[in-house]
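The structure appears right after this line, and notes come after that.
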Amino acid sequence: MSFGYLLVWFMLAQGAKRCHDRNNNGWWQFIPFYGFWMLFVPGDVGDNKYGPNPKGLNYDSMGEINDHGIEPIDDVDEDEIIK
């Protein structure tokens, strides 16, 4: 019985962390199908009001922003090795 409580606590904590990764309040995980949707969408790039991106993705590491979105940095040499 106590294992079930720990599992529910863990799932709610992870859901809140994932909501914060999307710059949403942790209560958003209780919206029907929002948890399923969070499985397929990436987190916000850069910092948000809940802190830095946990994967370290920032605009500086991805490239410059242009009219068509973010252009990736070309740091690959002719052997396809990242510099």
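Rounded to the nearest Hz, the phi-derived 3J(HN,Hα) couplings of segment 3-17 under the Karplus curve 6.51 cos²θ - 1.76 cosθ + 1.60 (θ = phi - 60°) are 5, x, 5, 5, 5, 5, 4, 4, 5, 5, 5, 5, x, 5, 5, where x marks glycine and proline.
So what's the net charge close to Asp44: Lys and Arg +1, Asp and Glu -1, counting the other residues with Cβ under 12 Å from its Cβ? My count for the surroundings of Asp44 gives +2. Contact order normalised by length for segment 1-53, with contacts defined as Cα pairs under 8 Å and 6 or more residues apart; what percent is it? Reported as a whole number, the value is 29 percent.
For the pair Leu6 and Ile31, label points projected 7 Å from Cα toward Cβ lie 3.3 nm apart.
All of the numbers you see were taken from the coordinates with simple rules; none came from a lab. Quick caveat, the model's predicted, so the values are computed rather than measured. Here Cβ is always computed from backbone atoms with ideal geometry, including for glycine, and neighbour counts include all displayed protein chains.
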